[in-house]
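Q: Here's a structure for you.
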Ligand code: GUN
């Protein structure tokens, strides 16, 4: 039996509707600032979606497009201004930044309660301590999509392919919090297939188009594909969808899987950031 498709648009729409309702009941609009440096075409598209969706749910949104050649100091100054800006409750600085800019320095300058991406050391540290505050949106998206299947996570073998700070590591932490047995694989892992074949839950976020084939997947597994790659003018995930759907139990498509869910989680984080800033959440 072919896999059931996990429809990210459908799952995210419930979250979006809840956010819209919540925003309607608020005296002040949640404010999100979106910062883009340079003109990486993929980043421009992602940032465009974030801006559009945030306006759709009734947020106040400020977008900043900085020149590719912007100085680190100027970017730090903008982050600092946004930290002080009372209309802005959450901000994101789209990654990757140009190589000459120290990403950690920029992220660390964001006030933790305005860190809508959950990338600052304070928010990632809280996640490690099982004291979740603002958690990276893509990791939250993966977990919600897994939960949407109704399959119990506790005690399952979860394999995360990719060890980035923004997806792989936080996703592994969230799955551990759900009592999965988690393995993290990466570009230097030997015999990747031996690990992935063992996964009841397989999350792939390594940026290699169609890396995962059906002979690497356990029959009935939940497969979450975070990859967005451009292959011959088309978008492809890190999972060979047409091939893997023959054996997986559940699978996310690309596009239409993790992407829309990530945006919903970013918006949810922004509302949370506003509540944290006002001391509603502790
Ligand atoms: N680049 C790829 N994914 C993300 C994300 O979730 N947030 C930011 N800021 N940059 C990214």
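The values are calculated or read from the model by the stated rules, or taken from the named source; none is laboratory data. As the structure is a computational prediction, the values presented were derived from the model and not from experiment. Here the Cβ is made from the backbone with ideal geometry for all residues, glycine too, and neighbour counts use every protein chain on show.
Okay, residues lined up against (1) modelled with pLDDT under 95; (2) surrounded by 24 or more Cβ atoms within 10 Å (Cβ to Cβ); (3) more than 13 Å from the ligand (Cβ to nearest atom):
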position	(1), (2), (3)
125	no, no, yes
139	no, yes, no
149	no, no, yes
163	no, no, yes
176	no, no, yes
186	no, no, yes
201	no, yes, yes
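Q: Can you pull out every residue in region 107-135 that is under 19 Å from residue 64 (Cβ atoms) and over 19 Å from the mean Cα position of the chain (by Cα)? Give the derivation first.
A: Residues of region 107-135 under 19 Å from residue 64 (Cβ atoms): 107-111, 114-117, 119-120.
Across region 107-135, the qualifying residues are 109, 111.
Q: Is one or more of the residues making up region 257-271 at pLDDT 95 or above, within 13 Å of the ligand (Cβ to nearest atom) and touching a strand residue (DSSP E or B) at 6+ places or on another chain (Cβ under 6 Å)?
A: Yes.
Q: How do the helices (runs of 4 or more DSSP H) wholly within region 172-282 filter down when requiring 1 or more residues that are closer than 28 Å to residue 128 by Cβ: which remain?
A: Where helices (runs of 4 or more DSSP H) fall fully within region 172-282 and carry at least 1 residues being closer than 28 Å to residue 128 by Cβ, they are 192-196, 258-277.
Q: Could you tell me which residue of region 97-123 is farthest from residue 250 (Cα to Cα), considering only residues that are in contact (Cβ under 8 Å) with a residue 40 or more places away in the chain and within 12 Å of the ligand (Cβ to nearest atom)?
A: It comes out as 97.
Q: Filter region 76-96 down to the residues that are within 13 Å of the ligand (Cβ to nearest atom) and more than 16 Å from residue 137 (Cβ to Cβ) and list them by number.
A: 79, 96
Q: Here's another thing I want to ask about it. Would you confirm whether any residue within region 57-66 is on the phi > 0 side of the Ramachandran plot and either modelled with pLDDT of 95 or more or surrounded by 14 or more Cβ atoms within 10 Å (Cβ to Cβ) (or both)?
A: yes
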